[in-house]
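Before any comments, here is the structure.
What follows draws every value from the coordinates through simple rules; no lab data is involved. None of these values were measured; they are calculated from a predicted model. Note that each Cβ is placed from the backbone with ideal geometry, even for glycine, and that neighbours are counted across all protein chains shown.
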Amino acid sequence: MSKSDFGLIGLAVMGQNLVLNVESRGFRVSVYNRTGSVTEAFLADGAKGRNIEGHADLKAFVESLATPRKIQIMVKAGGAVDAVIEQLLPLIDQGDLIIDGGNSLFTDTQRRSEYLEEKGILFIGAGVSGGEEGALKGPAIMPGGPMDSWKIIEPIFTAISAKVNGEACCRHMGAGGAGHYVKMIHNGIEYGDMQLICEAYNLFKAAGFTAEEQAAIFDEWNRGDLESYLIQITSKIFTIIDEETGEPIVERIMDRAGQKGTGRWTVLSATEMGSVISTINAAVEARILSSWKEDRVEAAPHLQGPTAFQSGLSKEELKQKVHDALFASKIISYAQGMNMLRAASEQYGWGLNMGDIASVWRGGCIIRAQFLNRIKEAYEGNPELKNLMLDDYFKGILNASQANWREVVALAVTNGIPVPAFSASLAYYDSYREERLPANLLQAQRDYFGAHTYERIDKPVGEFFHTEWPEVIE
């Protein structure tokens, strides 16, 4: 019997769909799952009649693969990945390739890459986005690791990834943990995108828009410059009615959101590198606040705010203003994410290509959107672009949208509607365009209580001064 081209360990839904995708592209696949009954059920159902073989024994699974072996692990991030790697090491040969396709922390990926390199084993940390449907039909794949590793898996990854204008949504990102880092930032931007859409929904709801009206608005937006997967599914969410109550199902869903860790990792990494991702940070904090459901219910009767929504705007006027605020804030979220990628690339020596990253995100992934073509063009036209906001296309949108954006944030604040991501995005925009920020007073305070010194605007950069401030009398 001929050997398999590809092996996969971990047959949860994502793993199963990836296997079916790989097999549909003409490759023979072997699978293994720690719980054998899961493998048996998959072979009897989704894999039935396919060029897929299952194994109850890990050694037999490894021996079924053609060399150099290509083994993808799809298990929970963390210790489970390390455990599977240790189980594989006695069974595989030098030159074989292990791929971690889960949402692993990039520092874990770098550690594993260095550890396996010492043993002569190739390694890829691949960010995979698109959810269950993307895994089956074509995800966006962000592989990182040695170029030798990438060359071995490139034919399969290119074949199974999503395609946009004939281009595969898969590129080699860089060495070590680069692939998982890019996926982490993708997820951070995803957090921002989703929160911004939720804030638009909350404003519309407060202004009296029905679910039917919101479905129509998001559907219209998905046929324009806001076209994206998240806008598209949002429009469809509002059309589903709960059979028990007759209400839109979205209004019956508990307002308590969870997170798997990538958003938090993004915020922590940004803090370590001195990057500003205020939109993404606001989105992460909004999820945390949503999880405090019981606390919020208890606080609601005690803390006062406006009771009736007032705007003086027609629904059509409000719709346009919220559109502009959403589009502008979305640009900010991507600008912050791309800047963080640039900072990480410099710190870790990855040589990330911003245009390539935007290309990969155009299809298959959760944040796929029409304007990623514009981001791709912006970085291809100017690889040294300091901030996406300064590209002519995006600068034009921000300048044209900023008045409506401000009005939406002011309207929300006046009516007591929380818009943390809209507000954080606008504050970032205003801070970035300001020639002089009040950090001069901050530096004076630091020098006052800690003699930290300061620079002067009328002296050379890098020359520091200290003032003998008056003593504070208790």
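Net charge near F157, counting Lys/Arg +1 and Asp/Glu -1 over other residues with Cβ under 13 Å of its Cβ?
Net local charge, F157 excluded: +3.
Out of the trypsin sites (Lys or Arg not before Pro) in segment 379-474, which ones are loop residues according to DSSP with at most 14 other C-beta atoms within 10 Å?
In loop regions of segment 379-474 (DSSP not H, G, I, E or B), the sparsely surrounded trypsin sites (Lys or Arg not before Pro) are K386, R436, R456.
With contacts defined as alpha carbon pairs under 8 Å and 6 or more residues apart, what's the relative contact order of the chain in percent?
That works out to 13 percent.
Run down the lysines and flag those whose C-alpha is under 25 Å from the C-alpha of K459, throwing out any fewer than 8 positions away in its chain.
Partners found: none.
Tell me, how many Å apart are the Cα centres for segment 124-195 and for segment 293-371?
Here the two parts' Cα centres lie 22 Å apart.
Which angle between 0 and 90 degrees, to the nearest 10, do you get for helix 262-273 versus the longest principal axis of the chain when only C-alpha atoms count?
60 degrees
I need the peptides 419-426, 144-151, 68-75, 86-93 ranked by packing, meaning the mean over residues of other C-beta atoms within 10 angstrom, with the highest value on top.
419-426, 68-75, 144-151, 86-93
Could you size up the charge dipole of the chain around its Cα centre, putting +1 on the beta carbon of Lys and Arg and -1 on that of Asp and Glu, and report it in debye to the nearest 20? Before the final figure, lay out each step's value.
Numbers: 45 positive and 62 negative charges, 200 e Å.
So the magnitude is around 960 debye.
Label A439 and E384 with points 7 Å out from Cα along Cα→Cβ: what is the distance between them in nm?
Here the answer is 2.2 nm between the modelled labels.
Amide H neighbours of I124 under 5 Å, counting only residues 5+ apart in sequence or on other chains, H built in-plane at 1.01 Å?
I98, I99, D100
Kindly work out what percent of the DSSP beta bridges joining two residues of the chain are antiparallel, to the nearest 5.
Expressed as a percentage, antiparallel bridges in the chain total about 30.
Residue separation times 0.36 nm, minus the C-alpha to C-alpha distance between L303 and I233: what's the value?
21.8 nm
For a Förster distance of 45 Å, can you work out the FRET efficiency between the beta-carbons of E63 and T453, rounded to the nearest 0.05?
That pair, E63 with T453, gives E of 0.10.
Counting other C-beta atoms within 10 Å, and keeping those with at most 12, which DSSP coil chymotrypsin sites (Phe, Trp or Tyr not before Pro) do you find in segment 304-391?
Qualifying residues, ordered by number: none.
With r defined as the distance between the Cβ atoms of A41 and Q347 and R0 fixed at 60 Å, what FRET efficiency is calculated, to the nearest 0.05?
0.85
Give me the orientation-averaged projected area of the Cα convex hull of the chain, in nm², one decimal.
29.5 nm²
Checking the a/c ratio against 1.5 first, then a/b against b/c, what shape does the Cα gyration tensor give for segment 266-373?
On the way: a/c = 2.85, a/b = 1.53, b/c = 1.86.
Judged from the Cα gyration tensor, segment 266-373 comes out oblate (a/c at least 1.5, b/c at or above a/b).
Which ³J(HN,Hα) values in Hz, rounded to whole numbers, follow from the phi angles of segment 161-173 under the Karplus curve 6.51 cos²θ - 1.76 cosθ + 1.60, where θ = phi - 60° and Gly and Pro get x?
With coefficients 6.51, -1.76 and 1.60, one gets 6, 5, 10, 10, 6, x, 9, 6, 7, 7, 9, 6, 7 Hz.
Charges only on Cβ, +1 for Lys and Arg, -1 for Asp and Glu: so what's the dipole of segment 183-433 about the Cα centre, in debye to the nearest 20?
520 debye
Run the helix sum for the chain: -39,500 (n - 2.57) per DSSP H stretch of 4+ residues, divided by residue count, reported at 222 nm to the nearest 500 deg cm²/dmol. Show your work: numbers first, answer last.
Numbers: 19 runs with 253 residues, N = 474.
Helices in the chain give a 222 nm mean residue ellipticity of -17000 deg cm²/dmol.
State, to one decimal in nm², a quarter of the convex hull surface area for the C-alpha atoms of segment 6-176, i.e. the direction-averaged projected area.
Values: hull surface 35.2 nm².
So the Cα hull casts an average projection of 8.8 nm².
Tell me the net charge near V31. Cut-off is 15 Å between Cβ atoms, V31 excluded, with +1 for each Lys or Arg and -1 for each Asp or Glu.
So the environment of V31 carries a net charge of +1.
Got a sec to turn the phi values of segment 420-426 into Karplus ³J(HN,Hα) couplings, 6.51 cos²θ - 1.76 cosθ + 1.60 with θ = phi - 60°, whole Hz, x for Gly and Pro?
Result, rounded to whole Hz: x, 6, 4, 5, 5, 5, 5.
If you take every DSSP beta bridge whose two residues both sit in segment 6-176, what share of them, in percent to the nearest 5, is antiparallel?
The answer is about 25 percent antiparallel.
Calculated FRET efficiency, S2 and D82, Cβ-Cβ r, R0 22 Å, to nearest 0.05?
With R0 = 22 Å, the Cβ-Cβ based efficiency is 0.10.
Just add up the charged neighbours of V297: K/R +1, D/E -1, any other residue whose Cβ is under 15 Å from the Cβ of V297. All intermediate terms of the calculation are to be shown ahead of the outcome.
Numbers: positive: R256, K293, R296; negative: D255, E294, D295, E298.
Within the 15 Å Cβ shell, the charges total -1.
How about segment 215-317: which GluC sites (Glu not before Pro) there are in a DSSP loop, with at most 14 other Cβ atoms within 10 Å of their Cβ?
E227, E243, E244
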